[in-house]
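Read through the structure below, which is laid out as structure tokens, and then see the notes.
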Amino acid sequence: MTQTKTTQPGSEQELKHPQDHLLRSDRLPHIWCATCGIGTVLKCFIEAIDRSKIPYDDIAIVSGIGCTGRVAGYVKLDSYHTTHGRAIPFATGLKLANRRLKVVVFSGDGDLSAIGGNHLIHAARRNMDITVVCVNNFIYGMTGGQAAPTTPGTAVTSTTPWGAFEPAFNLPQLLEACGASYVARWTSLHVRRLTKSFTEALLKKGFSFVEAIAPCSTLYARRNRLGSGYDLMKFYHDHSEIRHGADVNEVDIGFQDKITVGKFIDRDRPTWLELNDQQHEATLGEKYYRHAETIAAAAEADAAAPPTGTAEKTQDGGKDSGKDGGKNGGKDDSKEGSHA
Amino acid sequence: MPRREIRITGYGGQGIILTGYIFGKAAAIFDDRYSTMTQSFGPEARGSACASALVVDEEVIAYPYLRQTDVLIALSREGYEKYIDELNQDGGILIYDQDMVEPQELKGTIKMYGVPAARLAEELGKRIVQNIVVVGFATAATQLVAKDAARKAVESSVPEALIDLNLQAFEKGYEYFDN
Amino acid sequence: MARADPGHVLTGSHYLDGDHACTEGALSAGCNFIAGYPITPSTEVVERFARRIPTVGGTFIQMEDEIASITAILGAAWGGAKVMTVTSGPGFSLMMENIGLGAMLETPCVIVNVQRGGPSTGLPTMVGQADIMQARWGSHGDYEIIALAPQSPQEAYTLTIEAFNLAEKYRTPVMVMLDECIGHMTEKVVIPEADSIELTERRKTDKPPGEYLPFAVGEDMIPDMAHAGEGHRYHITSLTHDEQGYPVMSAEVQDKLVRRLCDKIRNNTDEIVMLEEDGLDDADVVVLSYGITSRVARAAVDDAREKGLKVGRLRLLTVWPFPERYIRELAERVKAFVVPEINYGQLVLEVERCAAGRAQTILLPHMGGDVHDPAVILQAIEEAAS
């Protein structure tokens with residue numbers, strides 16, 4: 001739905017979001033707070049969909065529950081808003097039933113790494129051919145600011161009123177250990193790099209994981225007196241360190257400490273579907289009834305490319321430390337792409 | 001033939017369940033009767049006590065469990081001791097492996113038939129077919145199912161490469177009773 | 001009606017246990033996706049599926065737990081597959097939240113519970129029938145469910161096919177409430193020719209993208225389905241939603257949705273219910289049972305009739321929805337219902353509710369591990385008849 005607004009007497013100007021083609025504008029305004037990072041992350045993701053040239057009808061989005069879980073409701077794609085923590089197994093079923101689909105799980109840190117943690121590690125171990133986007137705001141937002149497995153030590157939440165003390169998950173380390181094919185982390189300030197990682201993740205064969213650190217000013221920042229939305233962006237700007245290929249054992253995030261970002265893992269492993277086919281072909285030969293269609297074949301077959309993304313005006317933030325590990329990550333790409 | 005109830009017992013690895021399965025299949029698939037096979041499941045592994053139970057009837061079987069055993073096939077001492085008191089003293093049949101079980105004086109009119117099944121199987125070079133020797137022997141001794149039905153059930157229940165061996169074992173057991 | 005695919009159907013007479021027969025039923029019904037997790041006494045179902053499906057055409061995946069298993073089959077159903085998962089008590093408990101998701105998203109799927117003794121780990125290798133109420137009420141919120149209770153390996157086969165047909169017709173999770181006895185009991189199972197097996201096909205939308213509303217319904221209250229990747233680019237949510245599938249947090253939309261989720265099954269109870277009656281015409285006493293217990297009951301009823309008692313037998317093949325009207329009418333003309341169950345009184349509560357004092361209701365509980373002694377049922381029949 002397009003909103004119209006009279007700007008001058010007698011003349012009507014159509015106001016459209018630049019990504020209207022992939023947004024359910026009839027559901028806007030969204031539920032996210034002002035200065036929440038999820039919207040920015042979603043914008044980068046939508047841009048990445050366009051860049052990936054994957055046909056819209058071949059993409060399905062699955063979300064769990066929570067603030068980020070609402071993403072499924074705002075994207076004009078086949079989208080499923082499931083139960084808390086269960087987006088990954090739902091996505092797994094969807095993918096296995098229709099290999100042509102590019103299935104993306106878009107959910108929050110609590111949904112994916114606490115209640116859904118078992119599914120997360122097993123999907124990575126299987127190298128299930130799905131992309132998981134984890135918006136990490138260090139807290140449970142929807143339920144009012146409780147501690148998450150990602151809450152860094154000493155942070156105040158409603159369930160750690162005297163400060164969190166449990167060690168937090170280092171998600172890239174966890175996913176690397178489990179076998180993910182692609183692991184990257186950015187903050188919501190790094191819109192260009194985040195967009196590029198999303199594009200790579202969407203096109204990557206196997207299990208790809210992108211962690212997007214995003215501010216929750218209403219709960220996390222307020223409880224910890226971290227300032228306004230601007231202050232939070234400024235913090236990302238000043239404290240992010242880009243280190244592609246960094247040792248994932250060293251990228252844990254302390255309270256108001258340095259945030260190491262970059263593409264940490266980019267490797268090729270056979271996917272669950274490939275191994276499933278290989279094993280059955282090896283043991284059953286001609287008798288194996290193979291479901292032929294793979295994502296690669298589907299992508300190849302599809303010439304019809306969607307329109308490319310709209311111009312991006314936001315500049316990337318963060319300083320580039322230049323410590324490119326080079327092993328797994330690609331070159332820094334600050335000059336890349338179709339940005340205006 | 002009216003309802004008959006059969007208990008087969010031994011230890012895990014002797015093919016106790018398969019023995020019950022073969023008799024049941026012989027009756028239900030190749031002998032145009034009804035049969036229900038049940039088994040006690042437990043966390044037991046190879047070497048521990050094991051039993052299967054079979055009901056064979058001319059009519060649809062409602063109650064699928066044993067109320068009074070008509071035929072007890074015992075391939076281990078432990079199984080024999082556990083189940084011998086269930087056996088119908090009035091005309092029940094005990095089939096046992098002579099080398100494994102030493103039956104006591106039994107009450108009533110129980111008929112006893114011993115077979116050196118493990119030894120006969122070894123003569124064929126494969127002790128593993130001990131249970132099929134018993135199937136042959138018990139088929140002859142009990143007339144539970146027709147010989148042809150039992151043979152077909154053996155044939156269709158063992159791996160293809162071992163069909164001949166198993167049929168030899170079956171015949172060997174059957175003939176042992178005849179002799 | 002569609003017919004089964006000959007490539008899926010193992011036509012012939014087989015000597016199978018209930019678990020294996022259930023797998024064959026699923027294959028005959030065209031099931032091409034199972035996600036499961038090992039649990040006694042149900043594991044044989046998925047083991048056979050894992051062995052058979054690569055040459056039939058479809059996918060088996062062993063998930064990390066039962067929560068993942070139920071959720072994966074829901075995803076696969078939305079991807080276009082015909083789906084099933086299989087479990088027993090503890091796994092059934094874990095599945096409950098997402099059985100609710102299946103009901104809410106109106107996802108055709110089959111859930112097999114090979115019941116064992118509970119609560120908790122209970123009796124993993126021995127029988128129970130104590131998940132019957134859980135099957136109906138286990139997930140939170142209001143919804144209706146369909147649950148079937150086979151009494152033999154043959155019925156494990158036929159009722160699994162029926163479960164798929166009902167799931168597709170009513171777009172709902174359907175449960176096959178097997179029990180350890182039937183699951184591990186081996187009998188003759190006759191699998192017919194494929195072309196004599198009738199299958200209900202998923203009713204897909206004929207609306208083009210842009211016009212399709214995922215939860216719009218006609219008179220039958222059952223929405224037409226569309227799968228992911230078909231161009232509709234719809235939104236499907238576990239939140240209370242309108243016809244478009246959009247979340248709406250209002251009492252009005254909640255009322256409309258919940259009523260429809262329940263009534264699409266409730267209003268079709270007579271059509272869904274399958275039961276077997278025997279000698280009810282002049283019966284004073286009716287023994288009402290389901291699953292393995294119905295076979296034990298039958299032995300007792302046969303004995304009672306030999307003693308000249310006017311006793312009838314009623315067996316529920318469909319446990320849910322409960323045949324309320326039927327029981328109410330029957331209660332007008334019989335003296336008593338005898339209800340043996342391998343639990344401490346579950347379905348008897350429904351019988352009691354429907355009989356509403358018009359006939360006596362006698363529970364014969366048995367806590368599990370084995371079946372009732374037929375003599376106990378016989379004694380209860382004698383007491384009820386006198």
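Rule-based calculations on the coordinates, nothing more; no lab input. Given the structure is predicted, the values throughout are model-derived calculations rather than measurements. Neighbour counts are summed over all protein chains in view; Cβ atoms, including those assigned to glycine, are modelled from backbone coordinates with ideal geometry.
So what's the back-of-envelope 222 nm ellipticity for chain C, counting only DSSP H runs of four-plus at -39500 (n - 2.57) apiece and dividing by all residues, rounded to 500?
-11500 deg cm²/dmol
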* Structure fact -> Under the 7 Å Cα-to-Cβ spin-label approximation, A:D257 and C:E382 lie apart by a distance in nanometres of 7.9
* Asked: When the Cα centres of segment C:329-348 and segment C:167-207 are compared, how far apart do they sit, in Å?
  -> 27
* Structure fact -> Checked the protein assembly as shown against the a/c 1.5 cut and the a/b vs b/c comparison, axes a ≥ b ≥ c from its Cα gyration tensor; verdict prolate
* Quick one: work out the % antiparallel among DSSP beta bridges in segment C:228-386, nearest 5. => 25
* Asked: Quick one: helix C:18-28 against the long Cα principal axis of chain C, what's the angle to the nearest 10°, folded into 0 to 90?
  -> 40
* Structure fact -> Lys and Arg at +1, Asp and Glu at -1: neighbours of A:I121 with Cβ under 13 Å from its Cβ sum to -1
* With everything on Cα atoms, drop me the angle between helix C:292-306 and the longest principal axis of chain C, reported from 0 to 90° to the nearest 10. => 30
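Count the net charge of all other residues whose Cβ sits under 12 Å from the Cβ of A:Y289, scoring Lys and Arg as +1 and Asp and Glu as -1.
Value of the local net charge: -1.
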* Structure fact -> Under 5 Å from the placed amide H of A:T157, counting only residues 5+ away or on other chains, we find A:G163, A:A164
* So what is the relative contact order of segment C:276-385, in percent, for Cα pairs below 8 Å that sit 6 or more residues apart? -> 33
* Lys, Arg +1 and Asp, Glu -1 on Cβ, resulting dipole of segment C:2-199 about Cα centre, debye, nearest 20 -> 180
* To do: Return the sequence-ordered ³J(HN,Hα) values of segment C:239-245 in whole Hz as given by the Karplus equation 6.51 cos²θ - 1.76 cosθ + 1.60 applied to θ = phi - 60°, using x for Gly and Pro.
  => 6, 4, 9, 8, 4, 6, x
* Asked: Please state the Cα pair-distance histogram of segment A:91-198 with 10 angstrom bins from zero: what percent is in each bin?
  -> 14, 41, 33, 11, 1
* Asked: Cα centroid distance between segment C:351-386 and segment C:250-276, in Å?
  -> 30
* Asked: So how long is each side of segment C:276-385 along the principal axes, counting just the alpha-carbon atoms, biggest first, in Å?
  -> 31, 30, 22
* To do: Pick out, in residue order, every one of the GluC sites (Glu not before Pro) in segment B:79-145 that is DSSP loop and has at most 15 other C-beta atoms within 10 Å; say none if there are none.
  => B:E105
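What is the order of A:C36, C:C354, fewest Cβ neighbours within 10 Å to most?
Listing A:C36, C:C354 from fewest to most nearby Cβ atoms yields C:C354, A:C36.
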* Structure fact -> Rounded to a whole number, the mean other protein chain Cβ count within 10 angstrom for residues of B:64-74 is 2
* **Karplus-derived 3J(HN,Hα), 6.51/-1.76/1.60, for each residue of segment C:88-95, Hz, glycine and proline x** => 9, x, x, x, 4, 4, 5, 7
* DSSP beta bridges in chain C, what fraction antiparallel, as a percent rounded to 5? -> 35
* chain B, relative contact order [Cα under 8 Å, separation at least 6], % -> 22
* To do: Identify the GluC sites (Glu not before Pro) of segment B:130-179 meeting these criteria: DSSP loop state and at most 15 other C-beta atoms within 10 Å of the C-beta.
  => none
* Just going by the charge dipole of the protein assembly as shown, with Lys and Arg at +1 and Asp and Glu at -1 on Cβ, which of A:T187, C:W137, B:L87 is farthest out on the positive end? -> A:T187
* To do: For each of C:D65, B:D178, count neighbouring Cβ atoms within 10 Å of the residue's Cβ, then give the residues from fewest to most.
  => B:D178, C:D65
* Structure fact -> In segment A:109-189, the chymotrypsin sites (Phe, Trp or Tyr not before Pro) that sit in a DSSP loop and have at most 16 other Cβ atoms within 10 Å of their own Cβ are A:W162, A:F165
* Asked: Using a ≥ b ≥ c from the Cα gyration tensor of segment B:4-178 (square roots of the eigenvalues), is it rounded, prolate or oblate, where a/c under 1.5 gives rounded and otherwise the larger of a/b and b/c decides, a/b for prolate?
  -> rounded
* Asked: Where does the Debye-calculated log10 I(q)/I(0) of segment C:2-199 sit at q = 0.15 Å⁻¹, using only Cα point scatterers of equal weight, no solvent?
  -> -0.79
* Hey, can you grab everything whose amide H is under 5 Å from the amide H of C:H241? Only 5+ residues off in sequence or another chain; H modelled, so Pro and N-termini drop out. => C:V248
* **Percentage relative contact order, chain C, counting C-alpha pairs under 8 Å, at least six apart** => 17
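What's the magnitude of the charge dipole for chain B around its Cα centre, counting Lys and Arg as +1 and Asp and Glu as -1 at the beta-carbon? Answer in Debye, nearest 20.
Roughly 200 debye for chain B.
By its C-alpha gyration tensor, with a ≥ b ≥ c as the square roots of the eigenvalues, how is segment C:236-326 shaped: rounded for a/c under 1.5, else prolate for a/b larger than b/c, else oblate?
Values: a/c = 5.16, a/b = 3.61, b/c = 1.43.
Prolate, since a/c reaches 1.5 and a/b exceeds b/c.
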* Can you give the % of DSSP beta bridges in segment A:84-217 that are antiparallel, to the nearest 5? -> 15
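Hey, got the average number of other protein chain Cβ atoms within 10 angstrom for residues in C:53-62? Each step should come with its number before you reach the end.
Values: counts 2, 11, 6, 2, 4, 4, 8, 2, 8, 0.
The shielding value for this peptide is 5.
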* Would you kindly derive the ³J(HN,Hα) couplings of segment A:49-57 from the backbone phi angles with the Karplus curve 6.51 cos²θ - 1.76 cosθ + 1.60 (θ = phi - 60°), listing them in order in whole Hz, with x for Gly and Pro? => 4, 4, 5, 5, 6, 6, x, 4, 5
* Where nothing but the Cβ of Lys and Arg (+1) and of Asp and Glu (-1) is charged, how large is the charge dipole of segment C:276-385 around its Cα centre, in debye to the nearest 20? -> 200
* What's the angle, to the nearest 10 degrees (0 to 90), between helix C:43-56's Cα axis and the longest principal axis of chain C? -> 40
* Cut-off 9 Å between beta-carbons: net charge of the residues surrounding C:S294, Lys and Arg +1, Asp and Glu -1 -> +3
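Compare the peptides A:241-249, B:50-58, C:103-111 by average per-residue count of other Cβ atoms within 10 angstrom and give them in order, highest first. Display every interim value, and only then the final one.
Numbers: A:241-249: 19.7, B:50-58: 22.1, C:103-111: 25.9.
Ranking, from highest mean packing down: C:103-111, B:50-58, A:241-249.
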* Structure fact -> Counting only residues 5 or more apart in sequence or on a different chain, those whose built amide H sits under 5 Å from that of B:T69 are B:N88
* Quick one: Cα centre-to-centre distance for segment C:38-115 and segment B:76-102, in angstrom? -> 44
* To do: Mind giving me the nanometre distance, one decimal, between the label points for C:E201 and A:D20, set 7 Å out from Cα along Cα→Cβ?
  => 3.9
* By counting other Cβ atoms within 10 Å of each Cβ, how are B:M112, C:M185 ranked from fewest to most? -> B:M112, C:M185
